[in-house]
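The values are calculated or read from the model by the stated rules, or taken from the named source; none is laboratory data. Source: prediction; values computed, not measured. Cβ coordinates were reconstructed from backbone atoms using ideal geometry, including for glycine residues, and neighbour counts include every protein chain displayed. With ligands, DNA and RNA removed, areas are computed over all heavy atoms of the protein, side chains included. Shrake-Rupley method; radii C 1.70, N 1.55, O 1.52, S 1.80 Å.
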Amino acid sequence: MGAQGAGKDRDRGISRRTLIVGGVVSAVGVGLLARGDLARMWWQVPGVDKPRTAGAVDFKGAEWVAAAAANWRRADRPADYPIDRVVIHVTQGSYSTTLRVFKDPWHGAAAHYVVRKDGHIAQMIRELDVAFHAGNKDYNQRSIGIEHEGFVDRPQDFTAAMYEASAKLTAGICRRYGIPVDRKHIIGHVEVPGTDHTDPGPHWDWDRYMRLVRAAHRRAGSTKA
C-alpha cells in the first residue's frame, strides 16, 4: 500500500518536545536559536499546546476515522512546517483493510486521507499534524498524503467518482495552503526522493486528474468555498 513499510516513516531522533523539556533552550540561550526554531518550539512547551476538537475534519464531508497515534506526529502546521506538497498514493488493498492497517500502531505509517472507489473520503490524521506516509522525513513534514483504494496494476480501480472526489480534496488543500496546482507540487509517492514505492503507478491518469484538480480549484475560488 502507498504508505506501507512499517517503521520506515517514523521520525527518528530526540523529539523537539524532549529537547525543550530537557532544558536545551536555557542551556544554549534563546539568543543563539534561529527564529524558525523558536517558532516551531514555543507551542510544544507543556501547557500551551494548540486546542483540538475531537472528530473534527479539514475537508467538508469527510468521515473521521482516527489513525493510531504511533503512525503520525503531533504538529501545528503550517505554523511550524510549511505545507507545499500533496502526495498521491494507492493503497494496494481495499478501503476497509487500509483503515484497519492505519489504525494498527505497529504498522508505523498512515496517510491523512483515504479515498474509496465510490468517492467517499475518510480523514485519519489532521492536516496540521505530520503523517508518516512518504518514507522521507522532510516530505512527511511538508506534505499531505492521500491514499486511493485499489491496486496499481488495475486501472479499473480508479473510478470516475474517485478521481472527482480526490481532485476536489486536493484542490481544497492547495487553496488552503497556497500550493500551486501543478505536477511539481502534486506528486506521486514514486516521486518522493529515496522511496521504494511505485504508486500511484502507470495507470493513474495524471492528465485527467490534474484537469479535475484545476477545475475544482477554479470553482472553489469563484465561490470562496
So, of the residues in segment 143-162 that are among the aliphatic types (A, V, I, L, M) and in contact with a strand residue (DSSP E or B) (Cβ under 7 Å, 6 or more places away or on another chain), which turns out to be surrounded by the fewest Cβ atoms within 10 Å (Cβ to Cβ)? Met162
For Arg183, are the conditions met, namely being surrounded by fewer than 17 Cβ atoms within 10 Å (Cβ to Cβ) and in a helix (DSSP H, G or I)? no
Residue tally, condition in contact with a strand residue (DSSP E or B) (Cβ under 7 Å, 6 or more places away or on another chain) and either without any contact (Cβ under 8 Å) to a residue 12 or more places away in the chain or of a type in the set (A, V, I, L, M, F, W, C) (or both), over segment 180-200: 3
State the number of residues belonging to segment 107-121 that are within 20 Å of Tyr209 (Cα to Cα) and buried (at least 24 other Cβ atoms within 10 Å of the Cβ). 5
Those residues of segment 88-106 which are open to solvent by 30 Å² or more (accessible area, probe 1.4 Å) and farther than 21 Å from Pro202 by Cα amount to Ser96, Thr97, Arg100, Lys103, Asp104, Pro105, Trp106
I'd like to check something: does segment 201-219 contain any residue that is under 26 Å from Ala109 (Cα atoms), surrounded by 15 or more Cβ atoms within 10 Å (Cβ to Cβ), touching a residue at least 60 places away in the same chain (Cβ under 8 Å) and under 14 Å from the mean Cα position of the chain (by Cα)? no
Enumerate the pairs (first residue in segment 112-137 and without any contact (Cβ under 8 Å) to a residue 12 or more places away in the chain; second residue anywhere and open to solvent by less than 10 Å² (accessible area, probe 1.4 Å) and part of a loop (DSSP other than H, G, I, E, B)) with beta-carbon separation below 6 Å, excluding pairs fewer than 6 apart on the same chain, so at least 6 apart or on different chains. none
